[in-house]
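The values are calculated or read from the model by the stated rules, or taken from the named source; none is laboratory data. Since this is a predicted model, take the numbers as computed values, not measurements. Here the Cβ positions follow ideal geometry from the backbone for every residue, glycine too, while neighbour counts run over all protein chains shown. Areas reflect the complete protein model, heavy atoms only, side chains present, ligands, DNA and RNA absent. Shrake-Rupley method; radii C 1.70, N 1.55, O 1.52, S 1.80 Å.
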Amino acid sequence: MGKRRTILIGGLAVIAVVAGTVAVRTATFAPTDIADGSDVRLAATPTYDLQAAVVHLSAAAQIKTISHQNAAQNDIAEWDRLHSWLAATYPATHRAMTRTILPNRTLIYHWPGSDTSLAPIIVMAHQDVVPVTEGTEADWKYPPFAGTVAEQAVWGRGTVDDKGSLIGLFEALEALAAQGFQPKRSIYLVSGHDEEAGGAGAVGAAAKLKADGVRALFTLDEGSVVLRDTPVINGPAILIGIAEKGYATLQVTANAPGGHSSMPPAETGVTTLARAVLAIAESPFPVEMRGPGAAMVESLAARKGGTTKMAVANQWLFSPILKRQLAASPSTAAAFHTTIAPTMLVGSPKENVLPQSATALINYRIAPWNKSADVMARAKAAVGDAPVELSWVKPPNEPSRVSSTSSRGWRYVVAAARADAPDAVVAPFLVVAATDSRSMESISQDVYRFMPMHFTLKETAMIHGTNEHMKVDSFKRMIDFYARLIATSAG
Ligand SMILES: [Zn+2]
């Protein structure tokens, strides 16, 4: 009796300690080291003509700087047309800034600052757009290259990705230049000609800036937005990309004797390959609560409160439940592990021929805490001694560095973004696609990926899809944001 009573009291004591710890940790929980930018004094936003800006975006959307899969199909004259059009449309900017056109049509603009001891800033937006998928042209409400202005929006390929950003930057710079703005920090605008086809232009621009001795305070590029219906909080969040995933494609090759399919051996190239691909796909990278994804969850949970905050504040106890929830949806899980996507398969060229070589391609998006070497090691371990060869289709892009969420650059970006959406939560974000900004890592203290467009999750489908359009409301937010950010950080 006495012993059982002791155990009971002991058990109750443990529960009390756990409950107490959970309560204290929940009450005192705050996201780690994420500055809110409230110490930044924002410069005033210059005035400009929004209707004229809308007409400019419409004109830019009509210039067909289309990056094709095969670059030989690109119409280079369209890039030249865009350059002349920019020069004619933004005269004050072209007086204030020097323009360098690299041979491949990537642009570098430079507005020299008055204080050369200050690190410059780099703003980016690419010139090219993706093609419209053949056969889907008729699905567009307005033709994809007409730049139609209707329903309080500009419609067309590239109005969001990324000419909205490019023209937004030029509108902001023009307004500042026209009003006599003189930067203290140097301002660089880098506009890649081929972001949608590998981003070699940005690599070259970064090399040139490095040779010129540029070491920037921060780089700002596309990559994330203000999401109106953010999961967890069901409300708006300013999601600022502080890192982007790496990219690699693995080729799996099964070599086999081949021959006539009427007398097949027990194992053909196809069965060997299939087993190897399955083995790799069934050895996923674990979902982990770390990196930018974890910082985002912390920020959202702190706002949400209740049991969500309790769980995130007490991962020592709730980690398995959290990880299960994150892993449940592929779009969420992508921020918390390296993803494995088998995408292409090739066997023999004919149905009655055994393959002499069967190949599969597997596309990986590498989390910031992994390297391509980890991917290769995991794939090798998964296939074991199966008779297959593993190789990279081309050299992998390693994941980017993770930028600071408390540096001066971060605080400038956050303050400029919050001015327009004071009720939104600020949260760091992991960009799962690639942007040109990764090329600036070696010449920039921090790299951020953010455009202040207001999007719902559903609306993100128009990027690279059908009916891409820039709402005038979002376009205005972009111009205001860029002007505010440039005037504040460089002024
Ligand atoms: Zn883009």
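Which residue, of 306, 291, is surrounded by 13 or more Cβ atoms within 10 Å (Cβ to Cβ) and at positive phi? Spell out the reasoning first.
Values: 306 fails: surrounded by 13 or more Cβ atoms within 10 Å (Cβ to Cβ).
Step by step, each of 306, 291 is checked, and only 291 is surrounded by 13 or more Cβ atoms within 10 Å (Cβ to Cβ) and at positive phi.
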If I ask for residues that are within 25 Å of the chain's Cα centre (by Cα) and at negative phi, which ones from segment 17-37 would you list? 31, 32, 34, 35, 36
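Please specify each residue of segment 463-474 satisfying the condition of being more than 16 Å from the ligand (Cβ to nearest atom), open to solvent by 40 Å² or more (accessible area, probe 1.4 Å) and in a loop (DSSP other than H, G, I, E, B). First the steps, then the outcome.
As a first pass, look at segment 463-474 and keep what is more than 16 Å from the ligand (Cβ to nearest atom): 466-467, 471-473.
Then drop every residue that is not open to solvent by 40 Å² or more (accessible area, probe 1.4 Å), which leaves 466, 471, 473.
Of everything in segment 463-474, just one residue is more than 16 Å from the ligand (Cβ to nearest atom), open to solvent by 40 Å² or more (accessible area, probe 1.4 Å) and in a loop (DSSP other than H, G, I, E, B), namely 466.
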The lone exception for residue 161 - which of (1) over 26 Å from residue 454 (Cα atoms); (2) within 12 Å of the ligand (Cβ to nearest atom); (3) open to solvent by 10 Å² or more (accessible area, probe 1.4 Å) it fails: (1)
In segment 435-457, which residue that is open to solvent by 20 Å² or more (accessible area, probe 1.4 Å) and in contact with a Gly (Cβ under 7 Å, 6 or more places away or on another chain) is farthest from the ligand (Cβ to nearest atom)? 445
For residue 88, only one of the following conditions fails: (1) within 28 Å of the chain's Cα centre (by Cα); (2) within 25 Å of residue 483 (Cα to Cα); (3) among the small types (Gly, Ala, Ser). What is its number? (1)
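Pick out the one residue from 109, 142 that is in contact with a Phe, Trp or Tyr (Cβ under 8 Å, 6 or more places away or on another chain), more than 19 Å from residue 75 (Cα to Cα), away from the ligand (no atom under 16 Å from the Cβ) and in a loop (DSSP other than H, G, I, E, B). Can you show your working first?
On the way: 109 fails: in a loop (DSSP other than H, G, I, E, B).
None of the others qualify; the one that does is 142.
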Of all residues in segment 220-234, how many are open to solvent by 10 Å² or more (accessible area, probe 1.4 Å) and away from the ligand (no atom under 16 Å from the Cβ)? 7
Filter segment 50-72 down to residues that are open to solvent by 60 Å² or more (accessible area, probe 1.4 Å) and modelled with pLDDT of 95 or more and give me whichever is farthest from the chain's Cα centre (by Cα). 51
Which residues, counting only those in segment 189-219, are within 16 Å of the ligand (Cβ to nearest atom) and touching a strand residue (DSSP E or B) at 6+ places or on another chain (Cβ under 6 Å)? 189, 190, 191, 205, 219
Could you please tell me which pairs satisfy a Cβ distance under 8 Å, a separation of 6+ or placement on different chains, a first residue in segment 403-428 that is crowded, with 18+ Cβ neighbours inside 10 Å, and a second residue that is part of a loop (DSSP other than H, G, I, E, B) and aromatic (Phe, Trp, Tyr)? 413/450; 417/450
Among 460, 488, the single one that is among the polar types (S, T, N, Q) and away from the ligand (no atom under 14 Å from the Cβ) is 488
Just one of 389, 398 is among the acidic types (Asp, Glu), open to solvent by 10 Å² or more (accessible area, probe 1.4 Å), more than 16 Å from the ligand (Cβ to nearest atom) and within 15 Å of the chain's Cα centre (by Cα); which is it? 398
